[in-house]
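Trainee: Provided herewith is a single structure, encoded as structure tokens, for subsequent inquiry.
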Amino acid sequence: MEGARHVVGIAVKPRQTPVIELGGGITPVIGLRFGASMAHGKYATRKEMTTPIANGRMMTMVSGEGEYAFRYTKINGEIVRTSFETLAQPAVAYEYFVQGIQTLTPRWFVAARNERSSAPPLATGIVAGSRTTLSLVETTAGYRVNPDVTLRTSYYARKLYIAKTWDKQVAVSVVWAKRWW
């Protein structure tokens, strides 16, 4: 198994490694909330790397989030920055989302979400590519038939990391939410 690292289709069963995480939040006024967190730890052990270094490779993740709720409306979002140690300079990825929901009447609601991820450029030897992004947009309208059943229709579009065009979808669903116990 020693020579089979990073081969597609082969399970390498990496060792679990500890990651330290710390976070907290504050609610300065009713309906407004802010939070932040940080995580740091090993993401690849020496045995998992094709070019081993003594202590493996480290990862640092920092995030911030917020939420504001007022008059039947809730808006929230989060931004995350993750830095992965590499042989050369760190590979840094970013991700964010913003979403909101508005209750129009006791039965009708609308919601929307925008999400984006920015991946570090692919670096092969001395050649480095450009950053790639994943973009998602979703909108939903819903009607609550009764406390257990909701009818929804959604529009969803995404543009994958190297895609030139958006993939677009429309869906209609019946959502049943009932506790079984």
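Trainee: Translational D (Stokes-Einstein, µm²/s) of the chain at 37 °C and 0.692 mPa s when Rh comes from the Kirkwood sum over C-alpha pairs?
Mentor: Values: Rh = 20.2 Å.
Rounded to a whole number, D works out at 163 µm²/s.
Trainee: Another question, if that's okay. Take the alpha carbon atoms of the stretch 88-115, find their center, do the same for the stretch 45-75, and report the distance between the two centers in whole angstrom.
Mentor: 18
Trainee: Let me ask something else. Comparing Pro28, Pro90, Pro121, which has the greatest mean-square fluctuation in the GNM of the chain with Cα pairs linked when under 10 Å apart?
Mentor: Pro28
Trainee: Once you've got the GNM for the chain with C-alpha springs shorter than 10 Å, pick whichever of Met49, Met61, Met38 has the biggest mean-square fluctuation.
Mentor: So, out of Met49, Met61, Met38, the one fluctuating most is Met49.
Trainee: Given H placed 1.01 Å from N in the peptide plane, which residues other than close sequence neighbours of Met58 have an amide H under 5 Å from its amide H?
Mentor: Tyr43, Glu85
Trainee: From the convex hull of the Cα coordinates of the stretch 28-92, what is the mean projected area in square nanometres? Could the numbers behind the result be given before it?
Mentor: On the way: hull surface 23.6 nm².
About 5.9 nm², averaged over all directions.
Trainee: With every protein chain left in place, what is the accessible area of Trp108 in Å² (1.4 Å probe, nearest 10)?
Mentor: Estimated to the nearest 10 Å², Trp108 gives 120 Å².
Trainee: Just to be sure I understand: with springs between alpha-carbon atoms less than 10 Å apart, which residue in Thr50, Thr140, Thr132 has the highest mean-square fluctuation in the Gaussian network model of the chain?
Mentor: Comparing Thr50, Thr140, Thr132 in the GNM, the peak value goes to Thr50.
Trainee: What does the charge count near Ser135 come to, summing +1 for each Lys or Arg and -1 for each Asp or Glu among other residues with Cβ under 9 Å from its Cβ?
Mentor: Numbers: positive: Arg116, Arg158, Lys159; negative: Glu115.
With Lys, Arg at +1 and Asp, Glu at -1, the net is +2.
Trainee: Per residue of the stretch 172-181, in order, report the coupling 6.51 cos²θ - 1.76 cosθ + 1.60 (Karplus, θ = phi - 60°) as ³J(HN,Hα) in whole Hz, putting x for Gly and Pro.
Mentor: The phi angles translate into 10, 9, 10, 10, 10, 10, 9, 6, 8, 10 Hz.
Trainee: Could you give me the ³J(HN,Hα) list for the stretch 103-109, computed from phi with Karplus coefficients 6.51, -1.76, 1.60 and θ = phi - 60°, whole Hz, x at Gly and Pro?
Mentor: Ordered by residue, 3J(HN,Hα) equals 8, 7, 9, x, 10, 9, 8 Hz.
Trainee: Can you give the direction-averaged projected area of the convex hull of the alpha-carbon atoms in the stretch 129-181, in nm²?
Mentor: Working: hull surface 22.5 nm².
Mean projected area for the stretch 129-181: 5.6 nm², to one decimal.
Trainee: What fraction of the Cα pairs in the stretch 61-151, stated in percent, has a spacing above 15 angstrom?
Mentor: Details: 2833 of 4095 pairs.
The share of Cα pairs beyond 15 Å in the stretch 61-151 comes to 69 percent.
Trainee: Where in the stretch 152-179 does the label zone of Thr133 land, with the point 7 angstrom along Cα→C-beta and an amide N cut-off under 17 Å?
Mentor: 157-167
Trainee: Can you give the accessible area of Arg81 in Å² (nearest 10), computed on protein heavy atoms with a 1.4 Å probe?
Mentor: 100
Trainee: Now for a separate question. Between Lys47 and Val98, what FRET efficiency comes out of the Förster formula 1/(1 + (r/R0)^6) with R0 = 45 Å and r the beta carbon distance, rounded to 0.05? List each step's numbers first, then the result.
Mentor: On the way: r = 40 Å, r/R0 = 0.89.
Working from the Cβ atoms, E equals 0.65.
Trainee: Taking only C-alpha pairs under 8 Å that are 6+ residues apart, what is the relative contact order of the stretch 39-181 in percent?
Mentor: Details: 310 pairs, mean separation 18.2, N = 143.
About 13 percent, as a whole number.
The values are calculated or read from the model by the stated rules, or taken from the named source; none is laboratory data. Source: prediction; values computed, not measured. With ideal geometry, Cβ positions are generated from the backbone for all residues, glycine too; neighbour counts draw on all protein chains shown. Just so you know, the surface numbers come from the protein's heavy atoms only, side chains and all, with ligands and any DNA or RNA stripped out. Shrake-Rupley method; radii C 1.70, N 1.55, O 1.52, S 1.80 Å.
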